[in-house]
Amino acid sequence: MLVRHRKDGLIEFFRNMLNHSFVLNLVEETAPQTWKHFEELVEEHIIDPVNSRLKHLVSTVGTFFTHLPLCEAYLDYDAHYHISRRKYVPISFDDVRHVLNLAQVKASAPQIGLLSFDGDQTLYSDGKNFNDEDLAEYIIQFLQNGTYITLTTAAGYGLDASKYEVRVQYLLDAFKKALLPENVVSKFYVLGGECNYLLQCNQDYKLNPVTNWSPKETGDIDQAIVKKLIDTAEKSLRGTINDLCLNARILRKERAVGLIHGGVQDNGVSGMQGSLSLRREVLDESCLRVMEDLRKQNFKVPYCAFNGGSDVWVDVGNKRVGVSTLQDLLNVPPEACIHVGDQMYETGNDIAARSCCPTIWISNPTETKYILKAMLSYIGLRESPIPKTTKGGSSD
Ligand code: IMP
Ligand code: MG
């Protein structure tokens with residue numbers, strides 16, 4: 001219960017099951033069969049999500065939008081990383097996460113219609129701007145192949161296109177350099193403030209606000225409710241700053257409020273009070289407190305409270321609302337969509353997208369690149385990043 005917010009029930013379950021083989025020194029012989037069994041549990045859960053064995057075993061398990069070739073993904077992963085040959089280190093949380101990602105990429109590649117990317121720590125480092133040549137090249141390949149791309153970020157600057165352009169100028173320049181025509185660049189969108197603002201790339205490689213964007217659940221909320229929600233969140237965050245003596249201040253926006261680093265306290269005093277830096281533990285604590293304070297008020301509108309890695313934010317709306325509304329607009333069914341993000345724990349903001357499409361859980365932009373390269377190879381547009389080797393072969 002105490003560390004519930006840094007757990008993923010499904011990954012822990014798979015890992016524990018696989019540990020039995022490790023302890024018995026039977027990984028090479030039995031792990032493929034165990035992954036086959038997981039695959040069957042997922043199939044069964046797709047058919048009956050309420051009464052499935054998986055639901056009984058992992059109460060937090062979510063929706064699977066596609067079948068998952070888990071055994072095949074494990075064999076590919078093991079052929080490269082040789083996890084079954086390890087004697088002292090059992091399969092890790094990250095190993096299981098990578099196998100799940102690979103299985104999802106294999107399942108989604110043939111039908112991918114919309115790729116949604118989180119921004120910070122997924123397409124670029126936290127707080128930085130897009131700056132990766134390979135990533136730009138892969139995104140361009142998807143666009144040219146007819147896939148819609150959206151940057152779905154919590155960063156909300158209203159409909160001020162220039163502020164979003166700063167974050168992705170490198171990518172927009174890459175579109176220009178590649179001379180992408182209008183019918184291709186217009187498939188690139190930015191969803192800001194989780195779901196609140198939509199912008200689309202135009203033929204001049206600029207972002208244009210989509211003025212009639214209005215998600216059903218959040219587009220038309222009563223201003224008084226927005227105010228009450230943000231007021232409640234602000235009060236909670238301020239309380240935590242004072243209680244834990246954080247070196248932090250409040251930043252309030254039209255539809256969001258954040259606890260961010262630095263500044264002085266309400267009484268104008270800095271120094272001993274307000275000196276604690278924003279480590280992960282205090283960010284999680286602030287986040288769980290504000291979640292609980294909001295839960296008590298029973299707000300009917302979707303919202304998102306999350307630990308952003310170096311700050312805590314509460315936004316009106318969430319990525320589920322954003323991505324699912326975009327699916328409707330672009331006529332892409334959930335199973336043909338993927339959201340890629342780094343914040344998949346309970347205190348993250350990407351986890352909301354799990355209820356409207358398959359997700360890929362990455363931990364940094366390098367992993368995002370790897371995933372895209374793998375997907376392009378399964379579509380047949382690039383060479384595989386995972387060399388197929390026999391069990392006896394070596395590769396790196
Ligand atoms: P994401 O990972 O792309 O969703 O971006 C999350 C980060 O965006 C947060 O950790 C903040 O640093 C930043 N951010 C900027 N403006 C906002 C806002 O209005 N709401 C939430 N996060 C914001
Ligand atoms: Mg992120």
Handout entry: Binned Cα-Cα distance frequencies in region 1-146 - 5 Å width, integer %
Key = 2, 8, 14, 18, 17, 16, 13, 9, 4, 0
Problem - For region 155-285, accessible area per residue (1.4 Å probe, heavy atoms of protein chains only), Å² - result: 51 Å²
Practice task
Determine, from the Cβ-Cβ distance of Tyr170 and Glu254 and an R0 of 25 Å, the FRET efficiency 1/(1 + (r/R0)^6), rounded to the nearest 0.05.
Solution key: 0.35
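Divide by every residue of the chain the summed helix terms, -39500 (n - 2.57) for each DSSP H run of at least 4, and state the resulting mean residue ellipticity at 222 nm, rounded to the nearest 500 deg cm²/dmol. Don't skip to the end; give the middle numbers.
Numbers: 12 runs with 168 residues, N = 396.
Calculated mean residue ellipticity at 222 nm is -13500 deg cm²/dmol.
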Practice task
Please report, in debye to the nearest 20, how large the charge dipole of the chain is about its Cα centre when each Lys and Arg carries +1 at its beta carbon and each Asp and Glu carries -1 there.
Solution key: 440 debye
Handout entry: When each of Lys7/Lys216; Lys187/Lys300; Lys187/Lys319; Lys36/Lys106; Lys228/Lys253 is checked by Cα-Cα distance, pairs over 22 Å
Key = Lys7/Lys216; Lys187/Lys300
Fill in the blank from the handout: Here the gain from full extension of Glu40 to Glu292, 0.36 nm per residue of separation minus their alpha-carbon distance, amounts to 87.1 nm
Fill in the blank from the handout: Mean separation of Cα contacts under 8 Å (at least 6 apart) over the residue count of the chain, i.e. the relative contact order in percent, is 18 percent
Completion exercise
Tilt, helix 280-297 to longest principal axis of the chain (alpha-carbon atoms), in degrees rounded to tens, equals 70 degrees
Completion exercise
GNM of the chain, Cα pairs under 10 angstrom: of Phe14, Phe299, Phe130, the biggest fluctuation goes to Phe299
Problem - Estimated distance in nm for a label pair at Leu57 and Asp243, the labels positioned 7 Å out from Cα along Cα-to-Cβ - result: 3.8 nm
Exercise for the section: In vacuum, with every alpha carbon of the chain counted as one equal point scatterer, what does the Debye formula give for log10 I(q)/I(0) at q = 0.08, 0.10, 0.11 Å⁻¹? Two decimals, please. Expected result: -0.45, -0.71, -0.85
Exercise for the section: Please grab the % of Cα pairs in region 275-339 that end up more than 16 Å from each other. Expected result: 58 percent
Completion exercise
Expressed in nanometres to one decimal, the distance between label points 7 Å along Cα→Cβ at Leu330 and Lys177 is 2.4 nm
Completion exercise
With Cα coordinates, the longest principal axis of the chain makes an angle with the long axis of helix 223-243, in degrees rounded to 10, of 80 degrees
Problem - log10 of Debye I(q)/I(0), alpha-carbon scatterers only, for region 1-59 at 0.19 Å⁻¹ - result: -0.77
Fill in the blank from the handout: Counting only protein heavy atoms with a 1.4 Å probe and every protein chain in place, the carbon and sulfur fraction of the accessible surface of the chain in whole percent equals 51 percent
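The values are calculated or read from the model by the stated rules, or taken from the named source; none is laboratory data. Quantities reported herein were computed from a predicted structural model and do not represent experimental measurements. Because the Cβ atoms are built from the backbone with ideal geometry, glycine has one as well, and the counts that use them run over all protein chains shown. Surface areas here come from the heavy atoms of the whole protein model, side chains and all, with no ligands, DNA or RNA. Shrake-Rupley method; radii C 1.70, N 1.55, O 1.52, S 1.80 Å.
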